[in-house]
1. Looking only at the range 455-473, which residues are out of contact with any Leu (no Cβ under 6 Å at 6 or more places or on another chain) and either under 18 Å from Asn486 (Cβ atoms) or crowded, with 19+ Cβ neighbours inside 10 Å (or both)?
2. Taking the range 58-104, which residues are under 13 Å from Val18 (Cβ atoms) and of a type in the set (D, E, K, R)?
3. Looking only at the range 410-439, count every residue that is in a loop (DSSP other than H, G, I, E, B), more than 29 Å from the chain's Cα centre (by Cα) and either modelled with pLDDT of 95 or more or among the small types (Gly, Ala, Ser) (or both) and tell me the total.
4. May I ask you to list the residues in the range 119-152 that are part of a loop (DSSP other than H, G, I, E, B) and either among the aliphatic types (A, V, I, L, M) or surrounded by fewer than 23 Cβ atoms within 10 Å (Cβ to Cβ) (or both)?
5. Tally the residues that are of a type outside the set (Asp, Glu) and either over 25 Å from Cys407 (Cα atoms) or part of a strand (DSSP E or B) (or both), restricting the search to the range 440-481.
6. Give Glu372, Glu384 a once-over and let me know the one that is in the same structural domain as Thr279 (by TED's automatic domain parsing), part of a helix (DSSP H, G or I) and without any contact (Cβ under 8 Å) to a residue 12 or more places away in the chain.
7. Any residue in the range 330-345 that is in a helix (DSSP H, G or I), touching a helix residue (DSSP H, G or I) at 6+ places or on another chain (Cβ under 7 Å), closer than 30 Å to His471 by Cα and charged (D, E, K, R)?
8. Just to be sure I understand, how many residues within the range 90-118 are touching a residue at least 40 places away in the same chain (Cβ under 8 Å), in a loop (DSSP other than H, G, I, E, B) and surrounded by fewer than 16 Cβ atoms within 10 Å (Cβ to Cβ)?
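The values are calculated or read from the model by the stated rules, or taken from the named source; none is laboratory data. Remember, predicted model here, so these are calculated numbers, not experimental data. FYI the Cβ positions are ideal-geometry reconstructions off the backbone, even for glycines, and counts take in every protein chain you see.
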Amino acid sequence: MLKIKALPVDTLRENVLVLSRDCVALRPERLSGSRKVEVRANGRSLFATIVIADDAALVGATEAGLTMPLFRRLGAAEGVEVDIAPARPPASLDAVRDKIHGATLDGAALDAVVGDIVTHAYSDMEIAAFLIACASFMTPDETLALTRSMIASGSRLTWQRPLVVDKHCIGGIPGNRTSLIVAPIVAAHGLLIPKTSSRAITSPAGTADTMEVLARVDLSEDEMRAVVGRCGACIVWGGRVDLSPADDVLISVERPLGVDTPEQMVASILSKKVAAGSTHLVIDLPVGPSAKVRDADQALHLRKLFEFVGRRLGLVMEIAITDGEQPIGRGIGPVLEARDVRAVLENRPDAPFDLRDKAIALAGRVLEFDPELPGGRGVDRARELLESGAAAQKMDAIIEAQGPSPCAPVLGRLTYEVTARADGWIEGVDCARIGRVARLAGAPTDVGAGVDLIKRKGDSVRAGEPLYRIHGVDPADFGFARDAANEDPGFRVIRT
């Protein structure tokens, strides 16, 4: 038995245990071929990756050093004794090996895999093996079974209402922050829309990152329910309410690998929505040369897969195939995107027209779920609620109910204008490249970092005229973004 020592080290989502090389309970040589151990205390058991320390000041021979995630999840106090033993390989790894060799997995096998992933029994390497095997070949029935397993891996909210609506974009389009406009429009109409959103992983901002500029998003389930009860809507970070936690683990591994298959995308999105209690859902599926979905054939395949899985889960779904040829709005990064959202909600003359029009169109699709609204009236009703100020009032109520933002919504003071290299007209804008520049500038970690677009596809431009402005907070990050933009600004200009 060893005594717990809490280490002020954040290993992000990973459970990491630090042991002394002179540990009295578990010699390092016993871990040959495996770095996983089982940690047991107070009747609770967790798996952890082990790290060996040679500094007795960090962890002594009779101590078990628990990094922050492991200490929090184990729920035991410092000084409490823990039992440490080498972890047996999860039995579900046999299913992963079968999948690698081309097998089709049934629901029971996927339940076992997902269950072990959620309890941190898998290393990142083993999760990667599962993801790559599924990326190679996965049937629609497997996608459905994986989605069900992911739903069952965490909490599932119920709202005691026959109609609970939501809207979700598959991502990949910088600045596409329509959810922060759609939710208050829909709630102002009277439909229930408990919006749980993700933080950015490889993009300059997720919906939760942008909303956090305006209000607190790290709400517990009870707090979330209170906001929805008061306002008919919320816009919160889904990670706090334990919805499909397997998805969070899988995403953290698949994104660095560049794995984002249609099957995994569908399982990820629909598991979150069903777990959040949605009954009716609009999916925004942008199509464009630098979007996630590049052409009509890919869009049709993804649409059919969404419909296959969604219907069998009991969801009523609408798939909106939208223009993904360039970023939406002007701001890319939390503060800049929040500025654009506010401009649209407040009907300012300088509001980005494309963000406004797309939000109205998507809100209209959601409102069409209302059986009491005459067919075809959704878009008109959405525009009416926006232009009357009802949506802005509802957003103010949501912000007040969720509480003040922990962020300082200050735009980065370091600025650099990326200019056109020749006279001409803009033929296209590379969404992936612009997103990368904004990310390099520090977004979303620095909420005031990002890219402010000045020109759009189809605009004429003269040599030396600014295409966009980079905002930064940290000089090093700002320099990386500036260099990347100078190397390739992401705008295709046709000379005239």
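1. Listed by number, the residues that qualify are Val461, Ala463, Gly464, Glu465, Pro466, Leu467, Arg469, Ile470, Val473.
2. Glu63
3. 3
4. Thr119, His120, Ala121, Ser123, Phe137, Met138, Thr139
5. Residues flagged as of a type outside the set (Asp, Glu) and either over 25 Å from Cys407 (Cα atoms) or part of a strand (DSSP E or B) (or both) within the range 440-481 amount to 20.
6. Glu384
7. The answer is yes; a qualifying residue exists.
8. Counting residues in the range 90-118 that are touching a residue at least 40 places away in the same chain (Cβ under 8 Å), in a loop (DSSP other than H, G, I, E, B) and surrounded by fewer than 16 Cβ atoms within 10 Å (Cβ to Cβ) gives 0.
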